[in-house]
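To start, the structure itself, in structure tokens.
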Amino acid sequence: MTSKAARAAKASAPDSSDRAEADTVAFDVIDGIAWVRFNRPEKRNCMSPKLNRQMMRVLDELEFREDVLVLVLSGEGTSWSAGMDLKEYFRETEAEGLPGVRRAQRESYGWWRRLRWYQKPTIAMVNGWCFGGGYGPLFACDLAFAAEEAQFGLSEINWGILPGGGATKVARELMPFRKAMYHALMGENIDGKTAAEWGLVNEALPGDQLKARVEQVAKVLMEKNPVALKAAKDAIRRVGEMTYDNAEDYLVRAQEAANSFDNHGRKEGIKQFIDEKSYKPGLGAYDKKSS
Ligand code: COA
């Protein structure tokens, strides 16, 4: 058999090495941080229906746990996520017809949407390949840090489709127009450094410094008032499409709604600055422990 024929036979054979659904996502909770990982390194963490279902379960389990203050999403092995699984997400669900296609879309879009509006602050820690559908969860995370050597690409054009599943929208939201257009049409990859320059991620660092930097950022977030964090992250996402007047009004209502969950925090923040002079809001967060 030619190597091409051997590869084709392997691709159409049932995948005996495939993991159990429960094993497609891994996580640990350590010192307030939930380290969640795409866990199909042998498939470069591409997103299959099984992985999408399991990720929703994991997000459900972690969202309101008191020992989880920040969620970090990364990938096992050399990849963050190689996008949608071309075999299990596209080919196999298309073979089931429209119901299969729509079910698979609901499962993946569903957990990305859940992550976009997650109760806790979220950080994408992009350790390697990040392709196509991977831009959905990348955008869903509030902040993103990448290894300089990570590779980002809208590879869809290379196999004959437009960047769907939100990927085009993500490029347009995060990048300037010309960069987004080039990225979608050319099918060329960019490294972590370029991804930071183009706005896809906050920062790029040498791979061996990535985790320490993410941990440092997570620790800063943990010092903040959690009700204010949730209100602020939702506001940043919502105001983009609003007129100035609508945004002004929304922000008044959002703060008043936040007050009903956390009457005390805001007053404590003012007291520690104005009366006790124990901190300056321009230079750091108030002490939550004494509130
Ligand atoms: N869908 C299905 N299978 C995928 C996949 C994807 N998106 N990405 C990787 N895999 C599988 C490969 O088929 C291979 O399976 P096999 O071991 O059964 O042959 C395995 O993962 C390892 O991938 P391989 O290509 O050998 O790894 P690599 O390190 O040489 O290359 C990539 C990594 C990411 C550059 C390459 O796998 C790739 O181009 N993947 C597709 C990326 C893509 O276009 N995603 C967009 C989807 S919207």
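If Ile161 meets every condition in (1) more than 9 Å from the ligand (Cβ to nearest atom); (2) aliphatic (A, V, I, L, M); (3) modelled with pLDDT under 95 apart from one, which number is that one?
(1)
Of the residues in region 28-58, how many are among the acidic types (Asp, Glu) and assigned to a helix (DSSP H, G or I)?
The initial filter retains those residues of region 28-58 that are among the acidic types (Asp, Glu), namely 28, 31, 42.
Still in the running and assigned to a helix (DSSP H, G or I): 42.
The qualifying residues number 1.
Check every one of the helices (runs of 4 or more DSSP H) wholly within region 186-291 and list those with 1 or more residues that are of a type in the set (Lys, Arg) and in contact with a helix residue (DSSP H, G or I) (Cβ under 8 Å, 6 or more places away or on another chain).
Values: elements: 192-198, 207-223, 226-239, 244-261, 263-274.
Those helices (runs of 4 or more DSSP H) span 226-239, 263-274.
The values are calculated or read from the model by the stated rules, or taken from the named source; none is laboratory data. Note that this is a predicted model, so its numbers are computed, not measured. In this analysis, Cβ positions are derived from the backbone assuming ideal geometry, glycine residues included, and neighbour counts consider all displayed protein chains.
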